[in-house]
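Working notes, structure below.
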Amino acid sequence: MGLTIEASHIFKAYNGHEVLKDCSFVFDRGGAYALLGPNGSGKSTLFRILSLLERPDRGQVRYLENGRFISADLNLRRRITLVLPRLGVFNTTVFRNAAYGLKLRGLAKGEIEARVNEVLDMVGLTKKRWQPALGLSSGETQRLGLARALAINPEVIFLDEPTASIDPVNIEIIEEIILTVKSRREATIIMITHDPGQAQRLGDHLLVMKNGKIMARGV
Amino acid sequence: MESLIAGLAGSTILGVNLVELLGIIWLSLKVSVSALAIVTLVGLPLAAFLALKNFPLRGAVINLFNTFMGLPPVVVGLFLYLILSRRGLLGFMNLLYTPAAMVLAQTILAFPLVVSLSHAALVKVDPIIRQAAMTLGATSRQQAVTIIQEARYGILAGVMAGLGRATAEVGAVIMVGGNIAGYTRVMTTTIALETDKGNFALAMALGIILLAISLLINLALRAVQKMGRTESGIILWD
């Protein structure tokens, strides 16, 4: 169990504008990585490519398990997830949002209920589980995003600015949740943040991006 | 039971036999609901296809449906009449002056409306929804279902508009149905006939019944929408 991600010489351009220029690195399984960098440095594009939402123009993203490459099919897509900065909340209840990924996988009702209750408890949304998800505050919405992602037990979780535009109390709650996930060492966590302090608190490895390139890395 | 029917058969409202009146209302509902069922079964998958799949001339097809939303009923009636008449393309089916011909007319009139409005509701869904579904492991089909679920209120509004167009239709229906008493006479055609005869009281009464049916349909659909927003509600998300 556990996936290693190997990105080699990734290039990506939109309308002739090069967003990623020769990005190469390896994310080891079970690690916690924080990606820092100014706006427009290519972090979110890199995440979309790593999470298989988009293909690079050049270069390769490969997932390895026990030293063997795995093909980038639906099975692999279902072992990883990306929490988008603008979440894309479904117009239904908090519970059904959290249950979405499990329903896609055809799990039994009882299993879904147990798992969803567990993650909603983890993110502190149990009391709001039957409320419309679109009525949540921005902090609660981000927590729901985490619950929705964690419900499917991902082996790699990409978090694109999970604490952007939310209040300090919710930032603290979300950091606690991420630390809990990290302590279990069941998933590789790769997150984008603009806060160097947060990067240090949550990440074991730091990467800095600028102008589409990884400029620095450290532990 | 027999005495009840006999009693009803004898009673009249504003000069019209009650059983005949109930028959007119029943046929109106039967024709419009049948047309709507066909429109929904064929039109919604088509709207989803137009909204979610890219193919050559897609824009032209959408423009065509948008244009056909304003199809003049008498023109539809005329074309259908020519097609269904004895020498027409489908004359061998003997559909002219039957309820089936009326269903066909209402289907043709409501179809572009339901397709266009449903398509508009589907393309209005935030693209982030599809991305969110992808990040959680949805297949292409599951992504499409998710988008349809997100657009459900808009789609429902489109279907309601289609039902409105079907029930209110008179021009095409009278041309291909013939307004035959006890066979193809529906509320709208009766209103037109009774107005011609100067029997305004009955025409007005039928108009009010038509409005009341529309109101009931609207109330029912609003209730469904409200339920859809609560957990105890309908199964749109199961």
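Only the coordinates and a few stated rules stand behind these numbers; no lab work does. Because the structure is a prediction, the values reported are computed rather than measured. All Cβ positions, even for glycine, are placed from backbone atoms using ideal geometry, and neighbour counts span all protein chains on display.
With θ set to phi - 60° and the Karplus curve 6.51 cos²θ - 1.76 cosθ + 1.60, what are the ³J(HN,Hα) couplings of segment A:90-101 in order, to the nearest whole Hz, using x for Gly and Pro?
Using θ = phi - 60°, the values come out as 7, 6, 7, 6, 4, 4, 5, 4, 5, 7, 3, x Hz.
Which cross-chain or sequence-distant (5 or more) residues have an amide H under 5 Å from the amide H of B:L71, H modelled 1.01 Å from N in plane?
The list, which skips near neighbours in sequence, is empty: none.
Roughly how many nanometres apart are two label points built 7 Å out from the Cα toward the Cβ at A:F69 and B:V145?
3.3
Can you compute the charge dipole magnitude of the protein assembly as shown about its Cα centre, using +1 on each Lys and Arg Cβ and -1 on each Asp and Glu Cβ, nothing else charged? Give it in debye, rounded to the nearest 20.
Details: 45 positive and 32 negative charges, 157 e Å.
Rounded to the nearest 20 debye, it is 760 debye.
List the lysines whose Cα sits under 17 Å from the Cα of A:K213, skipping any in the same chain fewer than 8 residues away.
A:K12, A:K21, A:K43
GNM, chain A, Cα, under 10 Å: largest mean-square fluctuation among A:K43, A:K182, A:K109?
A:K109
Mind checking which aspartates and glutamates have their C-alpha under 13 Å from B:K124, skipping anything on the same chain fewer than 8 residues away?
Cα-Cα hits under 13 Å: B:E150.
Compute the helix-to-body angle for A:168-184: its Cα long axis versus the longest principal axis of chain A, expressed 0 to 90° and rounded to tens.
In chain A, helix A:168-184 runs at an angle near 80 degrees to the longest axis.
Step through the residues of segment B:101-116 one at a time and calculate ³J(HN,Hα) from phi using the Karplus curve (6.51 cos²θ - 1.76 cosθ + 1.60, θ = phi - 60°), rounding each to whole Hz and writing x for Gly and Pro.
5, 5, 4, 4, 4, 5, 4, 4, 6, 7, 4, x, 5, 5, 5, 5
Hand me the trypsin sites (Lys or Arg not before Pro) from segment B:34-108 located in a DSSP loop with no more than 10 other Cβ atoms within 10 Å, in residue order please.
Working: sites: B:K53, B:R58, B:R86, B:R87; in loops: B:K53, B:R86, B:R87.
Hits after loop and neighbour filter: B:K53, B:R86, B:R87.
Expressed as a rounded percentage, what relative contact order does segment B:28-185 have, with Cα pairs under 8 Å and six or more residues apart?
Relative contact order for segment B:28-185 comes out at 37 percent.
Amide H neighbours of A:T93 under 5 Å, at least 5 residues apart or on other chains, H built in the peptide plane: list them.
Here A:A133 satisfy the definition.
Specify the residue with the greatest mean-square fluctuation among B:L96, B:L215, B:L156, computed from a Gaussian network of chain B linking alpha-carbon atoms under 10 Å apart.
Highest fluctuation among the options: B:L215.
Amide H neighbours of A:G88 under 5 Å, at least 5 residues apart or on other chains, H built in the peptide plane: list them.
Close amide H contacts, sequence-distant or interchain: none at all.
Quick one: check the C-alpha center-to-center distance for segment B:84-143 versus segment A:29-62, whole angstrom.
Centre-to-centre distance over Cα atoms comes out at 41 Å.
Using a 10 Å cut-off around each Cβ of peptide A:90-100, what is the average number of partner chain Cβ atoms that fall inside? The partial results should precede the final answer.
Working: counts 8, 11, 9, 5, 1, 2, 4, 3, 0, 2, 8.
Per residue, the number of nearby Cβ atoms from other chains is 5 on average.
In the Gaussian network model of chain B, springs joining C-alpha atoms below 10 Å, which of B:I129, B:I62, B:I191 carries the largest mean-square fluctuation?
Between B:I129, B:I62, B:I191, it is B:I129 that shows the largest mean-square fluctuation.
Along its principal axes, what span do the Cα atoms of segment B:113-212 show, with the longest given first and each in whole Å?
If we take the Cα atoms of segment B:113-212, the spans are 65, 24, 18 Å.
Any chance you could list the semi-axes, whole Å, largest first, of the equivalent ellipsoid that the Cα gyration tensor gives for segment B:28-185, using √(5λ)? Walk me through the intermediate numbers first.
On the way: eigenvalues 247, 47, 31 Å².
Computed over segment B:28-185, the values are 35, 15, 12 Å.
Go from 0 up to the bin containing the longest alpha carbon distance in segment B:67-130, width 5 Å each, and give me the % of pairs per bin.
4, 17, 20, 17, 12, 10, 7, 6, 4, 3, 1
Considering the zone a paramagnetic label at A:K210 would reach in this model (a point 7 Å from Cα along the Cα-to-Cβ line), which residues of segment A:6-47 have amide N under 18 Å from it?
Output list for this probe position: A:19-24, A:35-44.
Within 10 Å of each candidate Cβ there may be at most 14 other Cβ atoms; applying that plus a DSSP loop requirement, which trypsin sites (Lys or Arg not before Pro) in segment B:118-215 survive? Before the final figure, lay out each step's value.
On the way: sites: B:K124, B:R130, B:R141, B:R152, B:R165, B:R185, B:K197; in loops: B:K124, B:R185, B:K197.
When the trypsin sites (Lys or Arg not before Pro) of segment B:118-215 are filtered for loop state and at most 14 Cβ neighbours within 10 Å, B:K124, B:K197 remain.
Give a residue-ordered list of calculated ³J(HN,Hα) values for segment A:149-164 (Karplus: 6.51 cos²θ - 1.76 cosθ + 1.60, θ = phi - 60°; whole Hz; x for Gly, Pro).
6, 5, 4, 8, 6, x, 8, 9, 10, 9, 10, 8, 6, x, 10, 5
Would you please state the base-10 log of I(q)/I(0) at q = 0.09, 0.10, 0.13 1/Å for the protein assembly as shown, with intensities from the Debye formula using one equal scatterer on every alpha carbon?
Treating every Cα as an identical point scatterer, log10 I(q)/I(0) equals -0.73, -0.82, -1.11.
Suppose R0 equals 22 Å. What FRET efficiency, 1/(1 + (r/R0)^6) with r the Cβ-Cβ distance, do B:A201 and B:I25 give to the nearest 0.05? Don't jump to the answer; show the numbers that get you there.
Details: r = 17 Å, r/R0 = 0.76.
For R0 = 22 Å, the calculated efficiency reads 0.85.
Towards the positive end of the charge dipole of segment B:39-174, with charges on Cβ (+1 Lys, Arg; -1 Asp, Glu), say which of B:I155, B:N63, B:S85 has the farthest Cα.
Among B:I155, B:N63, B:S85, the one farthest towards the positive end of the dipole of segment B:39-174 is B:S85.
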